[in-house]
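Chemist: Provided herewith is a single structure, encoded as structure tokens, for subsequent inquiry.
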Amino acid sequence: MFPRKGLTMPSPKKAKLLACARHLFETEGFHTTGIDRILDEAGVAKMTLYNNFGSKDMLIVAVLNDASSDMINQLQDAIAHINDPYEQILGVFDALADWHSSDKFCGCMFQAAAAEFPDSNSAPAIAAREHLLRLHTLFQEMCQRAELNSPEVLGSMLSMLASGANCTARQIRTRVPADQARQIAEILLERACARPGQATHPIAPASRTESVF
């Protein structure tokens, strides 16, 4: 996940527990990382975990929510210097490409959570799904500001492109998936472009214009 920007926590022990759990879950997985391993790494007592989170699953949810907020905030920061919302959309893929090519990239924590918690009603699976919704909302809002056709559906397509790039980058460890996703995004944006003097087109046949969210 993107490097942490820092999160103000009411308790230093809780903050350390959350940070250590996040690092271990991200690098070693959710199921393979036991409670004792997390507690030893954080140097806190078991009661700190249960008093603050209640269970390992709810600790995972807290980690996923924390990571999701960081990722969305840092994507927004990465494109803050870009004034054109059309170019901001493409800038998200540039930011992902930079992340994928950094030594901090360990894969997408949210996809890992979805894979390790196949029960779609489990708390971690729901938290992972909520991150996808936040990513979709980010793209949808940019599409609306850029006055593109079908912003909700286009936002859905762009978020799937970004998620696919994250998944592929975990396997091949290069920025190429995000760079190629950017090229596909450009095609989608041109097709949905509503700028003066440019032809507009539906981004998909009517039977396939429903958002997945």
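Chemist: Among [x] 131; [y] 122; [z] 160, which is the computed volume of the Cα convex hull per residue in Å³?
Modeler: [y]
Chemist: Given points 7 Å out from each Cα along the Cα-Cβ axis, report the Ala115 to Glu147 separation in nanometres with one decimal.
Modeler: 4.3 nm
Chemist: Over segment 16-66, consider all pairs of different Cα atoms and compute the Kirkwood hydrodynamic radius from their mean reciprocal separation; express it in Å, one decimal.
Modeler: Final number for the Kirkwood radius of segment 16-66 is 10.5 Å.
Chemist: If you don't mind, there's one more thing I want to ask. Between Ile184 and Asp36, what length comes free when the chain is fully extended (0.36 nm per residue of separation minus the Cα-Cα distance, one decimal in nm)?
Modeler: Once the chain is fully extended between Ile184 and Asp36, it gains 48.8 nm.
Chemist: Also, I was wondering about something else. Tell me the mean residue ellipticity at 222 nm calculated for the chain from its helices only (DSSP H runs of n ≥ 4, each -39500 (n - 2.57), averaged over every residue, nearest 500).
Modeler: Dividing the helical sum by the residues of the chain leaves -22000 deg cm²/dmol.
Chemist: Helix 12-28 against the longest principal axis of the chain: what's the angle in degrees, Cα atoms only, rounded to the nearest 10?
Modeler: 60 degrees
Chemist: If packing is taken as the average count of other Cβ atoms within 10 Å, what order do 75-88, 165-178 fall into, highest mean first?
Modeler: 165-178, 75-88
Chemist: With charges set only on the Cβ (+1 for Lys and Arg, -1 for Asp and Glu), what does the dipole of the chain come to about its Cα centre, in debye to the nearest 20?
Modeler: Value, rounded to 20: 380 debye.
Chemist: Something else about it: With +1 on each Lys and Arg Cβ and -1 on each Asp and Glu Cβ, how big is the dipole of segment 13-82 about its Cα centre, in debye rounded to the nearest 20?
Modeler: The dipole of segment 13-82 has a size of about 280 debye.
Each reported figure results from applying straightforward, stated rules to the coordinates on display, with no laboratory input. Predicted model only: the values in this text are computed from it and were never measured. Cβ atoms come from the backbone with ideal geometry, glycine included; neighbour counts cover every protein chain shown.
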